[in-house]
Amino acid sequence: MSESRYPAEVDVVIVGSGPTGAAYARILSEDAPELTIAMLEVGPTVTSPPGAHVKNIVDAGDRARAQLLSEGPGAGDATFNSPTALAEGRRKARPGTFLLPDGAYATEGDGLPLAAMSSNVGGMGAHWTAACPRPGASERIGFLEADGELDRLLDEAERLLGVTRDAFDGAPFGDLLRERLAAAVGEGRVAASKVQRMPLAVHRREDGRLVWSGSDVVLGDVTRANPRFRLIDETLVTRVLVEDGRAAGVSVTDRRTGEDHTIAARSVVVAADALRTPQLLWASGIRPDALGRYLNDQSQVVYASRITGIDPAEAGTEPATTGGGGALSESSGVSWVPFTDDLPFHGQIMQLDASPVPLAEDDPVAPGSIVGLGLFCAKDIRRDDRLTFSDTEPDAYGMPGIRVHYSLTEADHDAIGRADEQIRLLADAVGEPLGDRPFQLPLGASLHYQGTTRMGETDDGESVCGPTSEVWAVSGLFVAGNNVIPTATACNPTLTSVALAVKGARALIAARAGD
Ligand code: FAD
């Protein structure tokens with residue numbers, strides 16, 4: 001008989017292999033190498049090393065296959081990667097992701113038509129843009145600010161994700177672009193909130209190619225070399241087991257054979273994304289009132305503009321040396337207009353490969369001269385914006401069906417109106433806006449869903465876990481992901497959720513030491 005893929009018992013089970021699950025594995029491997037760890041992932045391994053970003057796959061056909069394999073049980077549905085098509089309101093997933101089924105994304109209210117997930121080793125971190133800004137002003141988590149703790153955790157998250165700021169320093173139009181943006185909206189900004197290069201989880205190899213960070217970078221060599229760490233793919237975790245108010249292990253289904261198994265563990269980390277982490281808790285009978293509540297997405301307003309007054313000869317040639325597949329050309333890089341309480345939008349300005357609107361035939365485009373502008377808005381968060389779960393209408397994995405109850409408030413519509421004005425200002429500053437107006441993307445397009453297992457300072461009924469990410473109701477059970485972030489952020493959330501995972505992993509180790 002062949003040996004089972006599953007150990008009978010480990011010290012720590014990690015559910016999900018995206019960047020936040022990987023952060024737990026990395027910190028445990030660095031600081032507590034004596035602990036045995038099983039990381040369980042429902043999706044297949046689609047890259048080598050496991051968890052690597054698909055943009056690093058050079059061959060376009062191989063990259064497309066890796067994306068398709070990440071698209072869950074409905075894989076094969078058409079996807080597209082065009083902000084213009086999204087702006088037209090078409091309900092299609094981005095490559096490497098899949099959407100909630102029809103009927104589930106808007107059970108009540110506006111819903112989240114583009115709410116998406118990825119099922120593969122590395123999770124969405126194998127498909128992301130890798131923008132890693134720090135939260136600012138009201139985005140920050142007040143109860144983690146004492147003695148600079150939040151910034152130290154964010155430093156650690158940057159280390160784990162391999163964040164750099166200089167990967168696009170060779171981009172000929174980057175500085176010019178930032179000068180123009182700063183001239184338009186730079187007044188009164190301090191160092192942290194000034195217009196600047198976007199911190200990105202990417203590094204440049206000696207041969208000049210860019211390497212985008214995925215969970216492989218977060219895991220790092222130390223985890224891969226850890227003999228007590230195992231990553232087991234194609235494994236659906238169906239239930240977290242709880243005994244006497246404490247985590248006791250997990251039940252799993254082997255997606256290859258259909259067989260069920262149990263793994264005993266005194267520590268369980270659920271890092272299964274903002275939709276499926278609360279789903280698994282629900283399936284496990286862990287149902288605090290705050291579960292699934294405070295769901296928040298970042299509304300997005302987008303526009304495009306052409307950098308005027310530049311010398312096309314400086315632009316370099318297409319295609320860029322980044323590996324394609326949604327990769328960026330290198331003429332203008334990625335710029336960041338940070339969130340402030342006065343201008344509560346996170347601005348991301350990056351090159352578009354082509355104009356989103358038709359240009360005259362006698363109007364040649366200098367490579368890199370067209371940029372997409374995106375402003376993300378923080379949600380007016382409310383406890384009634386929430387996920388619920390249906391035990392009678394399961395999803396394609398057989399887990400409780402996810403239902404979205406979500407609406408924009410008047411304050412949200414005001415914020416979107418202000419973002420519209422702001423993005424016109426930015427597009428004018430860049431040069432020549434393309435198209436007659438900005439667009440609001442359908443809700444859920446941000447891929448940044450938060451709040452559904454939110455962290456709280458105290459167990460006051462409005463949070464699922466405490467400041468260490470340990471679930472209030474179940475000791476030894478930790479939650480990870482954007483779902484843990486309690487504030488309304490506008491910036492890309494992964495750096496923050498990896499920072500919270502670092503704190504959680506250290507707390508887990510400390511708790512084990514005290515057992
Ligand atoms: P995920 O990466 O989603 O991983 C969760 C994993 O859990 C998945 O692999 C899933 O299959 C697995 N899982 C779920 N349920 C189960 C179960 N029951 N059993 C076993 N396994 C399970 N964020 C940024 O901060 N900056 C960006 O620039 C950015 N750009 C993005 C662009 C795109 C196109 C996409 C798709 C995402 C982007 N994001 C970005 C979002 C970012 O990828 C996520 O914030 C990040 O991956 C979240 O990490 P995670 O570990 O919490 O979850």
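Each reported figure results from applying straightforward, stated rules to the coordinates on display, with no laboratory input. The model shown is predicted, which means the values in this text are computed figures rather than measured ones. For neighbour counting, all protein chains shown are included, and Cβ atoms are generated from backbone atoms with ideal geometry for every residue, glycine included.
A few points about this structure:
- On Cα atoms only, tilt of 174-185 relative to the major axis of the chain in degrees: 90 degrees
- For the range 433-515, the list of GluC sites (Glu not before Pro) that fall in a loop by DSSP and count at most 16 other C-beta atoms within 10 angstrom reads GLU457, GLU462.
- One chain, two ends: SER4 and ARG256. Fully extended at 0.36 nm per residue, the span grows by 89.5 nm beyond their Cα-Cα distance.
- Percentage relative contact order, the chain, counting C-alpha pairs under 8 Å, at least six apart: 23 percent
- Candidate aspartates and glutamates for bridging to LYS379, where Cα separation is under 12 Å - those fewer than 8 sequence places away on the same chain excluded: GLU139, ASP297, GLU410, ASP412, ASP414
- The H on the amide N of ARG239, modeled in the peptide plane, is under 5 Å from the matching H of SER251, each at least 5 residues off or on a different chain.
- C-alpha long axis of helix 149-161 to longest principal axis of the chain, angle in °: 80 degrees
- Of all aspartates and glutamates in the structure, the ones whose alpha carbon falls short of 14 Å from that of LYS55, not counting any fewer than 8 places away in one chain, are ASP216.
- Label point distance in nm, ARG230-GLU179, each placed 7 Å from Cα along Cα→Cβ: 5.9 nm
- Computed [θ] at 222 nm, deg cm²/dmol, the chain (DSSP H ≥ 4; -39,500 (n - 2.57); rounded to nearest 500): -7000 deg cm²/dmol
- Hull shadow area, averaged, the chain [alpha-carbon convex hull, nm²]: 23.6 nm²
- Relative to the longest principal axis of the Cα atoms of the chain, the long axis of helix 215-224 lies at roughly 50 degrees.
- Each label point was placed 7 Å from the Cα along the Cα-to-Cβ direction; for ARG383 and GLU457 their separation is 1.8 nm.
- Once the mean of 1/r is taken over each pair of separate Cα atoms and inverted, the range 150-253 shows a Kirkwood hydrodynamic radius of 18.1 Å.
- Spin-label model distance (nm) - GLU421 vs LYS194, 7 Å beyond Cα toward Cβ: 2.7 nm
- Residues in the range 447-489 that a label on ALA146 would reach, taking backbone N under 14 Å of a point 7 Å out along Cα→Cβ: 457-458, 467-468
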